[in-house]
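Down below is the structure, laid out as structure tokens.
The values are calculated or read from the model by the stated rules, or taken from the named source; none is laboratory data. The structure displayed is predicted, hence computed values, not measured ones. Don't worry about glycine lacking a Cβ; one is built from the backbone with ideal geometry, like all the others, and counts go over all protein chains shown.
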Amino acid sequence: MVQQIKKTPVFIPRLQHSNALEGVKLEVAIMGAHHIEGQPKTRAKIKAVTSTFIIDPVTHRFLYQASGDAKSFRKLPYPHPVSAEQLYDPDFRYKKVVGPSIEHQIQRGADVIVAPYLFSVDSDDTKFTTNLSMLSETIRYVEEKKFNKPVYAMIHIGRTVLTHPLITNFISARYRDEELKDKITGYIVTIDDMDDRLASVEELNGLARLVFQLSETHKVLANSIGGFGEVLCALGASGFTSGLATGEVTAVKTLNEKLKKGWKNRRLEMTYVPEIMGYANDAQLKKIGYKCNCVSCGGGVPLGALAKKRHFLFTHLDAIKALAVSTNYQKFVTTRLKKAIIVADGYKNKFQLPFKTIHLHNWLTVLQTAESWTQEEDSKELNALLIDLQSNRE
């Protein structure tokens, strides 16, 4: 029986390790293919507690030398090295990339199939067209092999497109082309180098509109994103992914950088505070007398990296569960944002702490703007664009 991600929103942890999962049952989890090969026992542990297991084929890493040279990536059944020119060859792609990628996902127990993909800066990038071709080739391979699993397209693009509505409309229209849309279940949207706490209203609005458009006919997962994922769920997304207290931003520029010895992620030195939808360090938590009642903390304060990861996981699962059972997603998230602003401002005024709320105000602005959006209006615009695209082909 085909397993599918529910339309009601879910929080999807992006996992490299299983150490934070004790006592947890996950609806959905995602793991990079290279991490699976680097830690095969971890995959088994994660899959054992997960209803729907997704494998990110991470084929975008092909074109980044330091990433491609990584030992775990080289264990994948892809050719090494690979040039952009080779990836533009349909026969090479189908036999050396598409087929091996799908077979690897099946063999490692994936419950859905994610089409291999490359990072494209925008819709003019040659890799954008290559991605659409690989999606078509994935559909063909799945049909030939009679794999009874839903197919997802990864849309991995640069954030500069988000401020150009015509481009995002074009992207949405191309991925909802008649040849593709009835053969796939959904989309995983990754915006490169976008920190949702620092992004402009225009960028956030562009991402929200793209997700809103795609969600009319398909399930949409926002990939590697922070609290703005909740806003996207209120506007049609079926879920959002994030690492545990880290990995809320994906940036290909880091793929050519070798990991330094002793590297520490600064975010793990902080603690996520759901009441303000932001982070605080240990001294700030002590100053405000913060206590958490999540399953992991039990009325205490998370201390240490593992405790902070579990705290992050449980508070996110709790937040999305509350959203999922609400009767009006937009109203629920709007209320949550307004409360977070009041609480953060209260902490700032009472304890003179530098808690920032500009991102919360920006997210609220997006929700308010979205009140005028209608799927019917968007559908008419996109249908007209698709007709234009089709006529240009002919």
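Considering Ser72, Ser123, the condition of being among the hydroxyl-bearing types (Ser, Thr, Tyr), more than 30 Å from Val49 (Cα to Cα) and within 22 Å of the chain's Cα centre (by Cα) is satisfied by Ser123 alone. Exactly one residue out of Tyr94, Tyr117 is in contact (Cβ under 8 Å) with a residue 12 or more places away in the chain, over 20 Å from the mean Cα position of the chain (by Cα) and farther than 29 Å from Arg310 by Cβ, and it is Tyr94.
Can Thr217 be described as farther than 22 Å from Val121 by Cα, touching a helix residue (DSSP H, G or I) at 6+ places or on another chain (Cβ under 8 Å) and free of Cβ contacts under 8 Å to residues at least 40 places away in the same chain?
So Thr217 does not fit the description; no.
With respect to Ser172, is the statement that it is over 30 Å from Glu143 (Cβ atoms) and in contact (Cβ under 8 Å) with a residue 24 or more places away in the chain true?
Against the criterion (over 30 Å from Glu143 (Cβ atoms) and in contact (Cβ under 8 Å) with a residue 24 or more places away in the chain), Ser172 does not qualify.
Does region 155-169 hold any residues that are more than 19 Å from Asp196 (Cα to Cα) and hydrophobic (A, V, I, L, M, F, W, C), and which are they? Those that are more than 19 Å from Asp196 (Cα to Cα) and hydrophobic (A, V, I, L, M, F, W, C): Leu166, Ile167. Of all residues in region 315-339, those being within 23 Å of the chain's Cα centre (by Cα) and either crowded, with 21+ Cβ neighbours inside 10 Å or touching a residue at least 24 places away in the same chain (Cβ under 8 Å) (or both) number 15.
For region 225-252, what are the residues that are among the aliphatic types (A, V, I, L, M), surrounded by 24 or more Cβ atoms within 10 Å (Cβ to Cβ) and in a loop (DSSP other than H, G, I, E, B)?
Within region 225-252, Ile225, Ala237, Leu244, Ala245 qualify.
Looking across region 51-85, the residues that are charged (D, E, K, R) and either in contact with a Lys or Arg (Cβ under 7 Å, 6 or more places away or on another chain) or modelled with pLDDT of 90 or more (or both) come down to Asp56, Arg61, Arg74, Lys75, Glu85. So, Ser123, is that one in contact with a Lys or Arg (Cβ under 8 Å, 6 or more places away or on another chain), assigned to a helix (DSSP H, G or I) and farther than 15 Å from Ile36 by Cβ or not? Here the answer is no, as Ser123 does not meet what is asked. Among all positions in region 350-369, there is at least one residue which is in contact with a helix residue (DSSP H, G or I) (Cβ under 7 Å, 6 or more places away or on another chain) and more than 23 Å from Asp195 (Cα to Cα). Could you tell me whether Asp182 is in contact (Cβ under 8 Å) with a residue 60 or more places away in the chain, assigned by TED's automatic domain parsing to the domain that holds Ile54, surrounded by fewer than 23 Cβ atoms within 10 Å (Cβ to Cβ) and not hydroxyl-bearing (Ser, Thr, Tyr)? Answer is no for this residue.
Do we find that Tyr279 is among the aromatic types (Phe, Trp, Tyr) and more than 16 Å from Leu244 (Cβ to Cβ) in this structure? Please lay out each step first, then the result.
Values: among the aromatic types (Phe, Trp, Tyr): yes; more than 16 Å from Leu244 (Cβ to Cβ): no.
It is false that Tyr279 is among the aromatic types (Phe, Trp, Tyr) and more than 16 Å from Leu244 (Cβ to Cβ).
Within region 68-83, the set of residues being outside any loop (DSSP other than H, G, I, E, B), touching a residue at least 24 places away in the same chain (Cβ under 8 Å) and surrounded by fewer than 19 Cβ atoms within 10 Å (Cβ to Cβ) comprises Lys71, Ser72.
For the residues Glu144, Glu203, Glu216, the requirement of being at pLDDT below 95 and either not assigned by TED's automatic domain parsing to the domain that holds Leu21 or not hydroxyl-bearing (Ser, Thr, Tyr) (or both) singles out Glu216.
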